[in-house]
Amino acid sequence: MSFTMGVMMQVPDLATFTQVSENSGKEAALNAGATDVRINQVIMGGDRAGMVGAMFEVPGINAAMEVNAAMYANNDIVNMMRDTGVQVQSRTLMRHAAHKGTTDGQYSSYLMMSGDQLPDETANSNLEHGFGLMGSAVNGMRLVQAWAAGATPAPFGLISWTDDLDAFASASAATMADPTTQQNFADSNTAVQGRMVLRRLV
């Protein structure tokens with residue numbers, strides 16, 4: 001069972017933060033047990049626009065705790081956060097319920113959803129159908145479920161990675177209009193609560 005620990009931040013000095021994160025910051029997280037690290041900035045997302053999200057993929061919950069502790073025990077990271085004016089806004093842990101493709105891409109879409117709990121087998125089947133419809137408009141897709149995120153009206157998220165947002169938007173509209181997709185949503189009482197569009201920094 002794998003997870004993503006997401007840390008949302010306000011970062012006044014984005015250039016310095018990105019430079020350090022791309023080098024020593026990412027290396028420190030990987031050495032502490034993360035299996036991948038991505039840093040994105042919310043471009044379109046209502047009151048979250050401009051926030052920076054550091055995403056640490058980890059193989060388990062213990063690993064998430066260890067990565068978090070290691071980052072705050074690293075003097076270089078702590079000093080960089082202080083010097084760049086970082087203000088952490090939230091920290092969440094999302095379980096990976098289903099995944100197709102890769103996490104490559106200049107942009108990502110995070111669709112926030114509410115609905116019923118689904119067996120992972122059903123979630124995987126539903127995602128496979130959607131991924132097939134999206135075609136070359138996406139590099140990968142992942143369905144995540146909040147494991148520790150505080151009170152939230154949207155405990156599920158559908159992440160899509162792409163290099164072409166116009167192609168993604170067209171394919172997404174067609175996928176949402178697909179009868180099987182609509183039935184899958186109805187069967188699980190799934191409702192879309194919002195969307196964020198992010199640009200990858202690291």
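Computed from backbone phi, the HN-Hα couplings of segment 59-64 come to x, x, 6, 4, 5, 4 Hz, rounded to whole numbers (Karplus: 6.51 cos²θ - 1.76 cosθ + 1.60, θ = phi - 60°; Gly and Pro given as x).
One entry in (1) 53, 34, 28; (2) 56, 51, 33; (3) 56, 38, 35 is Cα extents along the principal axes in Å calculated from the shown coordinates; its label is (1).
Summing +1 for each Lys or Arg and -1 for each Asp or Glu, what net charge is found among the other residues whose Cβ lies under 11 Å from the Cβ of Asp13?
Here the charged neighbours net out to 0.
For segment 1-113, the percent of C-alpha pairs falling in each 5 Å distance bin, counted from 0 to the bin holding the largest distance, reads 2, 11, 22, 26, 20, 14, 5, 1. Note on Tyr107, Tyr72: ascending count of other Cβ atoms within 10 Å places them as Tyr72, Tyr107, the fewest first. Along segment 152-158 the Karplus relation, 6.51 cos²θ - 1.76 cosθ + 1.60 evaluated at θ = phi - 60°, assigns HN-Hα couplings of 8, x, 10, x, 10, x, 10 Hz to successive residues, with x for each Gly and Pro.
Based on DSSP H segments of at least four residues, each scored -39500 (n - 2.57), the chain has a per-residue ellipticity at 222 nm of -10500 deg cm²/dmol. Taking one quarter of the surface of the convex hull spanned by the alpha-carbon atoms of segment 105-166 gives a direction-averaged projected area of 4.7 nm².
Would you mind checking which residues have amide H under 5 Å from Ser2's amide H? H placed 1.01 Å from N; only 5 or more apart, or other chain. Sorted by chain and number, the residues that satisfy this are His96. In order along segment 74-88, phi translates into HN-Hα couplings of 8, 4, 5, 5, 4, 5, 4, 4, 5, 5, 8, x, 4, 10, 6 Hz, rounded to whole numbers, per the Karplus curve 6.51 cos²θ - 1.76 cosθ + 1.60 with θ = phi - 60° and x for Gly and Pro.
Every read-out reported here was derived from the displayed coordinates using simple, explicitly stated rules and does not represent laboratory data. Just so it is clear, the structure is predicted and the values come from calculations on it, not from any experiment. Positions of Cβ are generated from backbone atoms using ideal geometry, with glycine treated the same way; all protein chains shown enter the neighbour counts.
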